[in-house]
Amino acid sequence: MNRANHQSGVVLIMVLWTIVFLSALAMAASTTFRGFAGVIGLSQDKIKADALLDAGLEAAASIVGRLGDEQPLTDREAELSLSTGSVHLRLSDEAGRIDINKAPVKVLSALLQYAGADGPDAAAKSIDAWRLQKQGNRSQAPDALSTKAAPTEQTPPSNSAEKQADQSPAFTDVRQLAGVPGVSSAVMATIAPMITVFGGDKVNALTAPPEVLAALPGMRRSQISALLDARQRPLRDGQLQSILGPAGDYVESPQRRTAAAVEITARLIDGYSEAARATIMILPHDNLAYRVLAWTPASTDSFARTPTDEE
């Protein structure tokens, strides 16, 4: 009898432990499923947001294409509403910024002074030395197809900007400028929206924002106001020089656009959002509608909206 009771107790304990184990397993499975469902949901949101970013890029290229070379690409914004969410675009002309690869040292010094850098002349010379060093390293590199390096010209150029026209750029991303001595993080934050690596040795006078114009050597506030007013209409020959005087040596009115900068913010219906910066170029007679020169994911908070003439 005692043996039977003992066996019954053992069976009861095993049943209870089995129930506890199954309950714990069910709870763990439920938690894992909820976590897995959350991961799946986040992944789906990212896929949808990426699709909206792609749609924004296509729309930006379409806007630039419609403008052609006849109309300057001044800062403008656009909004797209799709079934999965919305896309906000901000477009601007890269040539309306100061190219850190090609700008003369005098322009770099004025830019750094505008940003409040300590010792702007010395910092500008550091940037130019960086450009010379990078270009020098590339020009002296041995040809990968030959076993012996060809002799190179040892005479240094008088200005690195003059030699960079037919060489690969020293800077491929404006953020690399932060590694140059004399360019502090505060200065970099100020000049980042004003510089580019896809422009020219001069700034596009028809598209440059007022702050870029103000950072050019010898540019006065009255001249900037006169230029902003004059570019509401087609500029006449010689009008730039008459308005700007010596400061006109650092600007031009190009006949062909180089590249366009695009800030894209995608926001889903459920509130999920992503953003990116892109640089695109439309080439004549190209087999592609546009080329993407750069693509950088960004924080949605970094794109502060400002009113535009179109709004």
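Derivation of every value follows stated rules applied to the coordinates shown; laboratory data play no part. Keep in mind that what you see is a predicted model, and the values were worked out from it rather than measured. Here the Cβ is made from the backbone with ideal geometry for all residues, glycine too, and neighbour counts use every protein chain on show.
Does A215 fit the bill of being surrounded by fewer than 21 Cβ atoms within 10 Å (Cβ to Cβ), hydrophobic (A, V, I, L, M, F, W, C) and touching a helix residue (DSSP H, G or I) at 6+ places or on another chain (Cβ under 6 Å)? It is false that A215 is surrounded by fewer than 21 Cβ atoms within 10 Å (Cβ to Cβ), hydrophobic (A, V, I, L, M, F, W, C) and touching a helix residue (DSSP H, G or I) at 6+ places or on another chain (Cβ under 6 Å). Take the conditions more than 17 Å from the chain's Cα centre (by Cα), on the phi > 0 side of the Ramachandran plot and not aromatic (F, W, Y) and apply them to G218. Does it pass? Here the answer is yes, as G218 does meet what is asked. If we keep just the residues of the stretch 246-260 that are of a type in the set (G, A, S) and within 17 Å of P210 (Cα to Cα), which is surrounded by the fewest Cβ atoms within 10 Å (Cβ to Cβ)? Within the stretch 246-260, the match that is surrounded by the fewest Cβ atoms within 10 Å (Cβ to Cβ) is S253.
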